[in-house]
Amino acid sequence: MHRVAMDKVFQCAVVFVYACTATVGSDMALNQKGDNENRFPRLQASNLEKRSFNLPEDFEGTHNLLLVAFQREQQEQVDTWLREMKRFENVDPGLHYYELPTIQSPNRLVRWFIDTGMRRGIPDQKARARTITLYIDKQPFLEALGIPEEKRIYCFLVDRTGRILWRDEGIFDESKAAGLKESLQELMKPISGNLGGSERSGSGATRER
């Protein structure tokens with residue numbers, strides 16, 4: 001997503017969300033059962049092409065890399081990952097990736113204003129299609145994903161059931177790249193050699209489920 005577009009998102013949010021007092025209900029429906037651990041929460045959202053998604057099942061890839069951002073300045077961190085996507089698509093040709101700007105749910109007028117500004121700021125149709133803005137009650141979302149604070153971006157590799165296969169945070173570097181590549185390579189092995197899935201952290205360490 002172009003930086004000018006992300007600027008529009010968060011500038012609009014800061015200026016207008018606090019100026020308007022009426023809010024709408026969250027589009028997020030978390031599964032409150034114990035099996036929610038290590039899974040991307042269920043929610044409804046739309047991309048900048050106005051396509052509706054029921055997440056996580058509507059993610060298009062068998063494996064999907066999600067770049068979750070909370071602040072305008074974090075677009076620079078997102079861009080460090082976007083520049084490297086080709087190398088991971090070479091490992092897993094079915095990999096899809098998405099930018100998920102995450103904003104506390106505003107009222108409908110503010111939401112319309114933000115979406116319109118973003119669409120006008122992103123001429124690339126593919127970039128609009130992969131940008132899904134989450135207007136949600138953020139606290140349950142953060143808790144479900146084990147995100148302690150919003151000072152950096154978070155990266156999640158998930159399947160269409162929402163199972164988290166790998167995660168990391170912050171700007172791209174080669175250590176994180178190695179962890180993601182290793183996880184993708186493991187997932188691309190014949191299924192008989194990859195039973196009893198696990199979640200990998202950015203360090204490459206595996207947490208058995």
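Using a 10 Å cut-off around each Cβ, can you sort His63, His96 from fewest to most neighbouring Cβ atoms?
His96, His63
Arrange Tyr98, Tyr135 by Cβ neighbour counts within 10 Å, fewest through most, would you?
Tyr98, Tyr135
Distance check, please: which entries in Lys50/Lys176; Lys126/Lys151; Lys151/Lys176; Lys50/Lys138; Lys86/Lys151 exceed 29 angstrom between their Cα atoms?
Listed pairs above 29 Å: Lys50/Lys176.
As an exercise, use a Förster radius of 30 Å and the Cβ-Cβ distance of Glu149 and Gln44 to find the FRET efficiency, rounded to the nearest 0.05.
0.75
Quick note: the coordinates plus some simple rules give every number you see, no bench work behind them. All figures in this text were calculated on a predicted structure; none of them were measured in a lab. Reconstructed Cβ throughout: ideal geometry from the backbone, glycine too, with neighbour counts over all protein chains shown.
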